[in-house]
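Here's the structure, in structure tokens; my notes come after.
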Amino acid sequence: LRAIAGGGRYDKLLETFGGNPTPAAGFGFGDAVIVELLKDRKVLPSFKNEDIDTIVFAMNKDLFKAAIDVAGRLRKAGQKVDVVLQQKKPKWVFKHADRIGAKFCAIVAPDEYEQGSVAIKNLIEGEQRIVPIEGLSDWATGL
């Protein structure tokens, strides 16, 4: 294996590239070396998301805070949740949910949220229903 980290003084570095003389120090960190070391010792954690129950998706950035609230409620009810806090098209979200093996998608949309609800799509059966935000815990524990 190579060194995990290293560094030193680089006082002449800026001058080498035409800059003013400047005292400098730096270091580098070998993340690839760490990964190999963890693999060798069989302690590298798995980063697979195969056990995600529900993916939460906000239809626009104004609903990101609401999506975080929905995710928190689902987590408190014992679910493993992934939250998409990017402006993505629903098609991308459903493909992402399929890739990570999510069973449900909680869609935080403007109309439903205004009425205090979210749409929950069962990604296995293809059915969708509206669930009151206050009732998310009951929905999640009743699965």
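The values are calculated or read from the model by the stated rules, or taken from the named source; none is laboratory data. Computed from a prediction, not measured in an experiment: that's the story for all the values here. Please note: Cβ atoms are built from the backbone with ideal geometry, for glycine as well, and neighbour counts cover all protein chains shown. All accessible areas refer to the heavy atoms of the entire protein, side chains included, with ligands and DNA or RNA removed. Shrake-Rupley method; radii C 1.70, N 1.55, O 1.52, S 1.80 Å.
Using the Stokes-Einstein relation with a Kirkwood hydrodynamic radius computed over Cα pairs, the translational diffusion coefficient of the range 1-132 at 25 °C and a viscosity of 0.890 mPa s comes to 133 µm²/s. In the context of the full set of protein chains, the chain has a per residue accessible area of 69 Å² (1.4 Å probe). For residue 127, the shell of other residues with beta-carbons less than 15 Å away shows a net charge of +2, using +1 for Lys and Arg and -1 for Asp and Glu.
Rounded, prolate or oblate: which one fits the range 17-87, using the alpha carbon gyration tensor with axes a ≥ b ≥ c (rounded when a/c is under 1.5, else prolate when a/b beats b/c, else oblate)?
Taking the square roots of the gyration eigenvalues as a ≥ b ≥ c, the range 17-87 is oblate.
Estimated from helical segments only, the mean residue ellipticity of the chain at 222 nm is -9500 deg cm²/dmol, where each DSSP H run of four or more residues counts as -39500 (n - 2.57). The local environment of residue 137, defined by Cβ-Cβ distances under 9 Å, has a net charge of 0 under the rule Lys, Arg +1 and Asp, Glu -1. Of the trypsin sites (Lys or Arg not before Pro) found in the range 1-33, those that fall in a DSSP loop while having at most 13 other beta-carbon atoms within 10 Å are 2, 12. Checking every one of the GluC sites (Glu not before Pro) in the range 1-57 against DSSP loop status and a limit of 16 other Cβ atoms within 10 Å picks out 50.
Overall, the chain carries a charge dipole of about 480 debye about its Cα centre when +1 sits on the Cβ of Lys and Arg and -1 on the Cβ of Asp and Glu, all other atoms neutral. Under a Gaussian network description of the chain, with springs only between Cα atoms under 10 Å, the residue in 24, 97, 71 that fluctuates furthest is 24. Which percent of the accessible area of the range 58-143 is formed by carbon and sulfur heavy atoms (probe 1.4 angstrom)? So the carbon and sulfur contribution to the accessible surface is 48 percent. Springs between alpha-carbon atoms under 10 Å, Gaussian network over the chain: tell me which of 67, 25, 102 tops the mean-square fluctuations. Result for the chain, Cα springs under 10 Å: 25 fluctuates most.
Dipole of the range 51-124 (Lys/Arg Cβ +1, Asp/Glu Cβ -1, origin at the Cα centre): which of 64, 109, 52 lies farthest to the positive side? Working it through, the farthest residue towards the positive pole turns out to be 52. Where Lys and Arg each count +1 and Asp and Glu each count -1, what net charge lies around residue 117 among other residues with Cβ under 11 Å from its Cβ? Charge balance in the 11 Å sphere: -3. Return the single residue from 78, 101, 26 with maximal mean-square fluctuation; model: Gaussian network over the chain, springs between Cα atoms under 10 Å. It is 26. Counting 0.36 nm for each residue step from residue 14 to residue 75 and taking away their Cα separation leaves a gain of 16.9 nm. For a label point 7 angstrom out from the Cα of residue 4 toward its Cβ, which stretches of the range 12-38 have the backbone nitrogen within less than 18 Å? Residues passing the 18 Å test: 27-38. If the limit is 19 Å between Cα atoms, which of 61/88; 80/103; 88/121; 89/121; 65/95 go over it? Where the Cα-Cα span goes over 19 Å, the pairs concerned are 65/95.
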